[in-house]
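The values are calculated or read from the model by the stated rules, or taken from the named source; none is laboratory data. Since we're looking at a predicted model, the values are computed, not measured. Cβ: placed from backbone, ideal geometry, glycine included. Neighbour counts: every protein chain shown. Just so you know, the surface numbers come from the protein's heavy atoms only, side chains and all, with ligands and any DNA or RNA stripped out. Shrake-Rupley method; radii C 1.70, N 1.55, O 1.52, S 1.80 Å.
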Amino acid sequence: LYRHFPTREALIEAAYRNELAKLCDSAPELLRTKPADEALRAWLDGFVDYMATKHGMGDALKAVIASGVNPFEQSRAKLGEAMTVLLTAAVEAGAIRADMDPWDVILSGSGVCMVFSQVGDREQAGRMLDLLMDGLRYGAGNH
């Protein structure tokens, strides 16, 4: 591995960026294989898993940052783009309400992730995502 990554920090950064890319790149495939609201829900499941991985890599990512590299510099844009694609498709399908900001949904999902990281109950995280989806569906087609 070190032939491809000159330092441990470079390897950790690459692993983190790979997890981010996997999550964000999954949005179009989910939309090809599922109804738009189900694709959004599946992506949110992946988001919880991604955040759990990120949390598990916390100390290692701090070392990357201390080395002068910001592994998160592309995260916000990539996550926002993926969520925008998912929300647009779900709104166009009439499956969710049209007045949602992508970052409101991402931050709501982040709240679920915070609870999951503290409690460790993946089933509870799933129920909380279902509740989030119910809120997104409420009033769909009325705007």
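Applying the selection to the stretch 20-39, what residues are crowded, with 17+ Cβ neighbours inside 10 Å and more than 10 Å from A82 (Cβ to Cβ)? Steps first, answer last, please.
If we filter the stretch 20-39 for residues that are crowded, with 17+ Cβ neighbours inside 10 Å, which is where we start, we get 20, 23-24, 26-27, 30-31, 36-37, 39.
Hits for the stretch 20-39 are L31, A36, D37, A39.
Give the residue that is nearest to the chain's Cα centre (by Cα), with candidates limited to residues of the stretch 3-16 that are among the charged types (D, E, K, R) and crowded, with 16+ Cβ neighbours inside 10 Å.
We begin by selecting, within the stretch 3-16, every residue among the charged types (D, E, K, R); these are 3, 8-9, 13.
Still in the list and also crowded, with 16+ Cβ neighbours inside 10 Å: 9, 13.
Details: E9: 23, E13: 17 Å.
Checking each candidate, the answer is E13.
Looking at M51 and the list (1) within 20 Å of M128 (Cα to Cα); (2) over 10 Å from the mean Cα position of the chain (by Cα), which single condition is not satisfied?
(2)
Every residue in the stretch 64-94 that is more than 14 Å from A21 (Cβ to Cβ) and hydroxyl-bearing (S, T, Y), please.
S67, T84, T88
Among the candidates L131, L107, single out the residue that is modelled with pLDDT of 95 or more, aliphatic (A, V, I, L, M) and open to solvent by 60 Å² or more (accessible area, probe 1.4 Å). If you could, list the steps in order and put the result at the bottom.
On the way: L107 fails: modelled with pLDDT of 95 or more.
That would be L131, the only listed residue that is modelled with pLDDT of 95 or more, aliphatic (A, V, I, L, M) and open to solvent by 60 Å² or more (accessible area, probe 1.4 Å).
Looking only at the stretch 73-89, count every residue that is surrounded by 15 or more Cβ atoms within 10 Å (Cβ to Cβ) and not β-branched (V, I, T) and tell me the total.
Looking only at that region, the number is 9.
Among the listed residues L136, L132, which satisfies the condition of being in contact with a Lys or Arg (Cβ under 7 Å, 6 or more places away or on another chain) and either under 30 Å from T7 (Cα atoms) or touching a residue at least 60 places away in the same chain (Cβ under 8 Å) (or both)?
On the way: L132 fails: in contact with a Lys or Arg (Cβ under 7 Å, 6 or more places away or on another chain).
Within the list L136, L132, the selection yields L136.
Give all pairs with beta carbons closer than 8 Å in which a residue from the stretch 50-63 that is at pLDDT below 80 meets a residue that is of a type in the set (V, I, T); count only pairs at least 6 apart in sequence or on separate chains.
Qualifying pairs under 8 Å: M57/I12.
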